[in-house]
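A.B. asks: There's a structure below that I have some questions on.
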Amino acid sequence: MADLQKIKDAIMSGKREEVTSLVQAGIDAGDNAVEILEGGMIPAMREIGDKFSRNEVYVPQMLIAARAMQAGLALIEPALVSSGHQPLGKVCIGTVKGDLHDIGKNLVAIMLKGAGYQVIDLGVNCDVNKYDEGIKQGATIIACSALLTTTMPYMKEVVEHFKDTDVKIIIGGAPVTQNYADQIGAHGYSDDANGAVKLVDVLFKKSA
Amino acid sequence: MNSKQLVLDAISGKKTERTPWVPFCGVHAASLLGVSAEEYLKSADLMIAGLNKAIALYKPDGIPVIFDLQLEAEAFGCGLHWNMDNPPSVVSHPLAGEKTRIDDLTRLSETAGRIPQVIKVIQTLRKQHPDIALYGLITGPFTLALHLLGTDIFMQMFDDTDAVHRLLDFCAETGKVMSRIMLENGCDVVAVVDPMTSQIGPDQFEEFCTDPMRKLFDYICEKGGKSSLFVCGHAQKNIEVMCDVHCDNISIDENIPLDYVRDICREKGVSFGGNMQLTVVMLLGDEATNKINALECLDIGGDTGFILSPGCDIPFAVPPENIIAAGAVAQSRDEQEIARQLASAARGPEVEKFDLVDYVEADKLKIDVITLDSLGCAPCQYMVAAAEQVAREFGPKVVVREHKVKTAEGIRMMVSLGVSNVPTLCMDKEIVFVSSIPGNKALADAMRERLRQKLKK
């Protein structure tokens, strides 16, 4: 059996090559891909996310951890697909109409993937039709990002557009606040990527 | 003391007779002219006109000549996406991929990109406003590095540290060129704006940013300029290491508690500025919330080594009256007192309004003057005196009453009439004169017209 603790440690310190060789060793030994994913990889990303929230690591450390995880994931993906392994849920994410900033949006996407969710990345400059496409692909939660004070009000239009549906909208970005989320009737707000994962966890649990 | 000296003294950490007010007015000035951010940032004439309008309205002690962190990036060949109501965004990065290396980039000079236009703005503003501190804003080394290389820089900080050091040295050298241009053409303060440092922690800040920033800030000092380091976002963890880069001042936004920054800066001998809330207060709030927020900042910042300013570039569509309200609080003790009353009314249990349904009488004109206290506030005194003097012409048909917001009754009346400025004169519940004292004729005309309407009925 692959050493799950070692895989976890290697992901958290961003050691891509070490992750690759440890995961490959596991595959060669006939280990269960789901166990590698759920016992080593996802816990690593959850823990690095918690460290991020506690200001113990920052964006660069999160990014290299995610890159290391992706390297391992690529190796076990075929086995996951053939075993019928399902993600925890589907989330679509996009920066709102008029806004081309994507660093924050990408971070949230990375952390959601790392936590075991399937993420449909709609990119930047998303209008309601684009978010609709994400929902058509099976997402039940929409994550909206905005960096600009002038694009932030579009979040209200997104909330309005989906208000008579079961779709949940969560929002975030530099100018966005919990106050604003309450004002426009969004289902949640987070001020960092790890918080967004926690928010999605809660929303999926509620809908289950 | 003139405004410029006030700013320079505060930046140098000195006690000032009042806290200087520096509204970071970038593309917001375009909205004052009714033009787009793109038109504004591409035209020296529009920038000069917009800044003059902002100076006339907001009475700043200091003002940035430009707030566009894409200026250098554009000159280096980054692709820009222009916006109607925001500064442009960088959409392509020349150093991303293998094609271009640092050595291939043409060093910036006075003739690159929109720099000639900025020089014209500085020179003109300098001549027009010798007594206001002009801020030359330049892109900080880490943010410029990110513009040039893209987000790959975060990976390279682990994969190729030497390359990142070289890039940041290059960006700091660029900062020196921009600082020289700003100072030689008339700016007093160089503000190095480096928001992307909020994405890294103190260890990486020290590893990659401290040294290039020190070289840049030492250079600004050698050239005789004052300096400030602007950050925005969640940069609280970096305030201590930011204080060690030899800058004179640190300016922050609402994501960092001002008292936290004050305590660290004072310990490190660095002055500080900030941090009015950009969206909830300035963009979405009203005059009263802006006054209260300005007062909160002043109460924390004090009058030694502190500059009151918005947390960052003022959003395009902020209502001008909100900025005027904030500036007035910085510059007038009476306004501070009014803000204090507003704050206590806002904090306390909701003020119960008077029932004014039957307030208006058929044969009398009721004049209500809302004041701080006509004994202690000169404009209030003149407004009450003018109202009483003119009212005498009309005998018992006009009744004048003063309501001091220092009293519970005054606050209730202020809220009941929907007044948010002091002094304000209302006639039969209607707000007629705000802040400025009307001449006797204007006042008499207004009273006469209202009486005429009444008697007609």
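Please treat every number below as a calculation from the coordinates, not as lab data. Being a predicted model, the structure only gives us computed values, none of them experimental. When we count neighbours, we look across all protein chains shown, and the Cβ atoms used for this are built from the backbone with ideal geometry, even at glycine.
A.B. asks: Under 16 Å from the 7 Å Cα→Cβ point of B:Lys429, by amide nitrogen: which residues of the stretch B:401-422?
C.D. replies: Counting backbone N atoms under 16 Å from the label point, the list is B:413-419.
A.B. asks: Further question on the same structure: Run the paramagnetic zone check for A:Asp191: 7 angstrom along Cα to Cβ, then residues of the stretch B:236-273 with backbone nitrogen under 16 Å.
C.D. replies: Flagged as within label range: B:236-239, B:252-261.
A.B. asks: Which of A:Lys51/B:Lys268; B:Lys14/B:Lys176; B:Lys366/B:Lys456 have a Cα-Cα distance over 24 Å?
C.D. replies: Exceeds cut-off: A:Lys51/B:Lys268; B:Lys14/B:Lys176.
A.B. asks: Can you compute 3J(HN,Hα) from phi for each residue in the stretch B:265-274, using the Karplus curve 6.51 cos²θ - 1.76 cosθ + 1.60 with θ = phi - 60°, rounded to whole Hz and x for Gly and Pro?
C.D. replies: 4, 4, 5, 8, x, 10, 7, 8, x, x
A.B. asks: B:Leu356 to B:Tyr382: extension gain in nm, 0.36 nm per residue of separation minus the Cα-Cα distance?
C.D. replies: So the chain would gain 6.7 nm between B:Leu356 and B:Tyr382.
A.B. asks: Collect residues whose amide H, placed 1.01 Å from N in the peptide plane, falls under 5 Å from the amide H of B:Ile250; neighbours closer than 5 in sequence don't count.
C.D. replies: B:Leu229, B:Ser271, B:Phe272, B:Gly273
A.B. asks: Under 1.5 on a/c is rounded, so check that first for the stretch B:64-121, then, if it is not, pick prolate when a/b is larger than b/c and oblate when it is not; a ≥ b ≥ c are the square roots of the alpha carbon gyration tensor eigenvalues.
C.D. replies: It comes out oblate by the Cα gyration axes.
A.B. asks: What's the ranking of B:91-99, B:289-297 by average number of surrounding C-beta atoms within 10 Å, highest first?
C.D. replies: B:289-297, B:91-99
A.B. asks: Okay, moving on. What distance in nm lies between label points placed 7 Å from Cα along the C-beta direction at A:Glu56 and B:Ala408?
C.D. replies: Label-label distance for A:Glu56 and B:Ala408, simple model: 5.3 nm.
A.B. asks: Cross-link partners among aspartates and glutamates for B:Lys429, C-alpha distance below 14 Å, same-chain residues fewer than 8 apart left out?
C.D. replies: Result set, ordered by chain and number: B:Asp355, B:Asp358, B:Glu361, B:Asp368, B:Glu402.
A.B. asks: Let me ask something else. Quick one: if you take sqrt(5λ) for each eigenvalue of the C-alpha gyration tensor of chain A, what semi-axes come out, biggest first, whole angstrom?
C.D. replies: Rounded to whole Å, the semi-axes are 32, 18, 13.
A.B. asks: Right, something else. So if I restrict to the alpha-carbon atoms in the stretch B:14-141, what is the Rg, and what is Dmax, the biggest pairwise distance, in Å?
C.D. replies: Considering the stretch B:14-141 through its Cα atoms, Rg and Dmax are 16.3, 56 Å.
A.B. asks: FRET efficiency for B:Lys268 and A:Thr165, Cβ-Cβ distance as r, R0 = 45 Å, nearest 0.05?
C.D. replies: After rounding, the FRET efficiency stands at 0.30.
A.B. asks: Measure off 7 Å from each Cα along the Cα-to-Cβ vector at A:Glu133 and A:Gln118, then give the distance between these two points in nanometres to one decimal.
C.D. replies: Going from the A:Glu133 label point to the A:Gln118 one covers 1.7 nm.
A.B. asks: Cross-link list B:Lys42/B:Lys223; A:Lys113/A:Lys163; B:Lys291/B:Lys406; A:Lys105/A:Lys198: which exceed 20 angstrom alpha carbon to alpha carbon?
C.D. replies: Details: B:Lys42/B:Lys223 28 Å; A:Lys113/A:Lys163 26 Å; B:Lys291/B:Lys406 16 Å; A:Lys105/A:Lys198 16 Å.
Violating the 20 Å Cα-Cα cut-off are B:Lys42/B:Lys223; A:Lys113/A:Lys163.
A.B. asks: Then there's this: Within the set of other residues whose C-beta is less than 12 Å from the C-beta of B:Gly186, count the net charge using Lys and Arg as +1 and Asp and Glu as -1.
C.D. replies: Around B:Gly186, the surrounding residues sum to +2.
A.B. asks: Give, to the nearest whole percent, the P(r) tail of chain B beyond 39 angstrom, counting all Cα pairs.
C.D. replies: Working: 31316 of 104196 pairs.
Of all Cα-Cα distances in chain B, 30 percent exceed 39 Å.
A.B. asks: Moving on to the next point. Using only the Cα atoms of the stretch A:90-207, each taken as one equal point scatterer with no solvent, compute I(q) by the Debye sum, divide by I(0), and report log10 of the ratio at q = 0.19, 0.23 Å⁻¹.
C.D. replies: Log10 I(q)/I(0), no solvent term: -0.91, -1.46.
A.B. asks: Still on this structure, I have one more. Nearest 0.05, what FRET efficiency do B:Arg214 and B:Ala96 give at R0 = 30 Å with Cβ-Cβ as r?
C.D. replies: Efficiency, from the Cβ-Cβ distance: 0.60.
A.B. asks: Could you state the principal axis extents of the C-alpha atoms in the protein assembly as shown, from the largest down, to the nearest angstrom?
C.D. replies: Computed over the protein assembly as shown, the largest-to-smallest principal extents equal 104, 62, 43 Å.
A.B. asks: Follow-up. Over all residues in A:54-64, what is the mean tally of Cβ atoms on other chains that come within 10 Å of each residue's Cβ?
C.D. replies: Shielding by partners across A:54-64 averages 6.
A.B. asks: If the cut-off is 16 Å between C-alpha atoms, which aspartates and glutamates fall inside it for B:Lys99, apart from same-chain ones fewer than 8 positions away?
C.D. replies: By straight Cα distance, B:Lys99 reaches B:Asp152.
A.B. asks: Set the Förster distance to 45 Å, then compute FRET efficiency between A:Ser21 and B:Asp104 from the Cβ-Cβ distance, nearest 0.05.
C.D. replies: 0.75
A.B. asks: Considering every pair of different Cα atoms, what Kirkwood radius, in Å, is found for the stretch B:311-417?
C.D. replies: Taking the inverse mean of 1/r over all distinct Cα pairs, the stretch B:311-417 comes out at 15.9 Å.
A.B. asks: Which peptide among A:124-136, B:138-150 comes first, and what is the full order, when sorted by highest mean count of other Cβ atoms within 10 Å? Could you put the intermediate results ahead of the total?
C.D. replies: On the way: A:124-136: 17.8, B:138-150: 25.8.
Sorting A:124-136, B:138-150 by mean packing, highest first, produces B:138-150, A:124-136.
A.B. asks: Let me ask something else. Mind computing the radius of gyration and Dmax over the alpha-carbon atoms of the stretch A:1-86? Å is fine for both.
C.D. replies: Looking at the stretch A:1-86, its Cα Rg and Dmax stand at 12.4, 39 Å.
A.B. asks: Just tell me how shielded A:148-154 is by partners: mean number of partner chain Cβ atoms within 10 Å of each residue's Cβ, no decimals. Write down the numbers at each step before the final one.
C.D. replies: Details: counts 7, 14, 10, 3, 4, 3, 0.
If you average over the peptide's residues, the count of other-chain Cβ atoms is 6.
A.B. asks: Here's another thing I want to ask about it. Label points 7 Å out from Cα along the Cβ direction at A:Glu38 and A:Val81: separation in nm?
C.D. replies: 2.1 nm
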